[in-house]
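Each remark here refers to the structure printed beneath this line.
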Amino acid sequence: MILVTGGAGYIGCVLVRALLEKGETVRVFDKLFFGDEGVREVRDRIDLVQGDVRAMPEEILDGIDAVVHLAGLSNDPTAEFNPKANFEMNTIATERLAERCKRRGIRRFVYASSCSVYDQGLLAEDLLLDERSPIRPRAAYATSKAEAEKILIGMADERFCPVILRKGTLYGFSPRMRYDLVVNTFAKDALQRGAITVHCGGEMWRPLVDVRDAARGYISCVEAPEEKVRGEVFNLVFKNYRILELAHWVKEALKDVARIEIQVDYTPRNARSYRVSGEKIQTVLGFRPAIPVKDSVEHMLQQVRRNGYTNFGSPRYYNIDYMTLLCEMEETLKRIGSVF
């Protein structure tokens, strides 16, 4: 059985379906911040356990052969919203879970990290970075991921096989849909208002990968021989795009359904920019992401319309908006008690 923490999230519910298609037995451990909509369709085929990754019960690991650890805060805004919780979830909870796995003889532990650990800002030297490049993360989210990476690599030995997967910025449709990722935001804005706004002249570089390719990448890391992946870091990137180029690909993908204007704002602002090589995972594991932005946006449009994900203003589709709303509701309920 494979344990997927955060398995009801944006990546998780895509990964869970891919694992089920391969005939795997899956247990999902998830806080369910955003409800169980992402796994509702497969609910009767998985073992779903709700809980906080910072307080996982020991029995969660009963019968588990491998862990894909996705749980935690997943972007800069949510990490900055509560840096303490971000560190507890993304770093401390990761270390505790890995230690438990090692004690129990669960050898394979695949960790969801991020290419944002490479970010040095828009004015940094423009280099193609790989897994050997030094990292000096600045933001709370990237720092928490880098710290967890260091801990896991230090635990690797003949009894424990941690694998680090640094994903580029994700795009594409997921049953737990998000519109706060750059390609998905562009597609949503194009459909909603017929315009895409690009900041800083669109000069920023960003490594990107489709969410379905990310799921395949995790499975590749679960299945690979230990000697190829033990204590290794892999970047998972389809391609490096400039942000303005992304806007044009989204416009091209949606040209038959909307007239779209690209608005370029040249106002200076703090922005991320970095280019990342995905060669290592292709060379070592023979894994190559396959889904370009245009194809992904076309698929996204079909699924969004088919499944009714067109309430673009709902905070449920934006991690920081929904988390802020939940915290406000929590404080309100403390004051007023039960709603009825």
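Every read-out reported here was derived from the displayed coordinates using simple, explicitly stated rules and does not represent laboratory data. Owing to the predicted nature of the structure, the values given are computational and were not obtained by experimental measurement. Heads up, the Cβs are rebuilt from the backbone with ideal geometry, glycines too, and the neighbour counts pull from every protein chain shown.
Scan segment 153-163 residue by residue and report those that are buried (at least 24 other Cβ atoms within 10 Å of the Cβ) and among the hydrophobic types (A, V, I, L, M, F, W, C). Please lay out each step first, then the result.
Our first condition is that a residue be buried (at least 24 other Cβ atoms within 10 Å of the Cβ); within segment 153-163, this holds for 161-163.
Across segment 153-163, the qualifying residues are 161, 163.
I'm trying to understand the selection: among the residues of segment 284-313, which are of a type in the set (Gly, Ala, Ser), in contact with an Asp or Glu (Cβ under 9 Å, 6 or more places away or on another chain) and not in a helix (DSSP H, G or I)? Give the steps one after another, and end with the answer.
So in segment 284-313, the residues of a type in the set (Gly, Ala, Ser) come out as 286, 290, 296, 308, 313.
The next check asks that each one be in contact with an Asp or Glu (Cβ under 9 Å, 6 or more places away or on another chain); those that pass are 290, 296.
Once the filter is applied, which keeps residues that are of a type in the set (Gly, Ala, Ser), in contact with an Asp or Glu (Cβ under 9 Å, 6 or more places away or on another chain) and not in a helix (DSSP H, G or I), segment 284-313 yields only 290.
If the requirement is being over 20 Å from residue 149 (Cβ atoms) and touching a residue at least 24 places away in the same chain (Cβ under 8 Å), which of these qualifies: 41, 88, 21?
Values: 88 fails: over 20 Å from residue 149 (Cβ atoms); 21 fails: touching a residue at least 24 places away in the same chain (Cβ under 8 Å).
Checking each option against the conditions leaves just 41.
Taking segment 112-155 only, how many residues are outside any helix (DSSP H, G or I) and in contact (Cβ under 8 Å) with a residue 60 or more places away in the chain? Before the answer, list the steps.
Taking segment 112-155 first, the residues outside any helix (DSSP H, G or I) are 112-114, 119-139.
Okay, now just the ones that are also in contact (Cβ under 8 Å) with a residue 60 or more places away in the chain, so 112-113, 119-122, 124, 126-131, 139.
Total meeting the criteria: 14.
Residue 109: surrounded by fewer than 23 Cβ atoms within 10 Å (Cβ to Cβ) and among the aromatic types (Phe, Trp, Tyr), yes or no? Walk me through how you get there before you give the answer.
Working: surrounded by fewer than 23 Cβ atoms within 10 Å (Cβ to Cβ): no; among the aromatic types (Phe, Trp, Tyr): yes.
No: the conditions fail for residue 109.
Can you name every one of the strands (runs of 3 or more DSSP E) wholly within segment 193-283 that holds 1 or more residues which are closer than 19 Å to residue 128 by Cβ and free of Cβ contacts under 8 Å to residues at least 60 places away in the same chain?
Hits in segment 193-283: 239-242.
Regarding residue 118, is this residue over 27 Å from residue 199 (Cα atoms) and crowded, with 18+ Cβ neighbours inside 10 Å?
Details: over 27 Å from residue 199 (Cα atoms): no; crowded, with 18+ Cβ neighbours inside 10 Å: yes.
Criteria not met by residue 118.
Out of segment 44-56, which residues are in contact with a Gly (Cβ under 7 Å, 6 or more places away or on another chain) and either in a loop (DSSP other than H, G, I, E, B) or acidic (Asp, Glu) (or both)? Before the answer, list the steps.
In the first step, residues of segment 44-56 are kept if they are in contact with a Gly (Cβ under 7 Å, 6 or more places away or on another chain); the result is 53.
Listed by number, the list is empty, since nothing qualifies.
Taking segment 256-297, which residues are buried (at least 16 other Cβ atoms within 10 Å of the Cβ) and aromatic (Phe, Trp, Tyr)?
274, 287 - these are the residues of segment 256-297 that are buried (at least 16 other Cβ atoms within 10 Å of the Cβ) and aromatic (Phe, Trp, Tyr).
Every residue in segment 18-36 that is within 21 Å of residue 330 (Cα to Cα) and of a type in the set (Asp, Glu), please. Give the steps one after another, and end with the answer.
To start, the set of residues in segment 18-36 that are within 21 Å of residue 330 (Cα to Cα) comprises 30-36.
Answer for segment 18-36, where residues must be within 21 Å of residue 330 (Cα to Cα) and of a type in the set (Asp, Glu): 30, 36.
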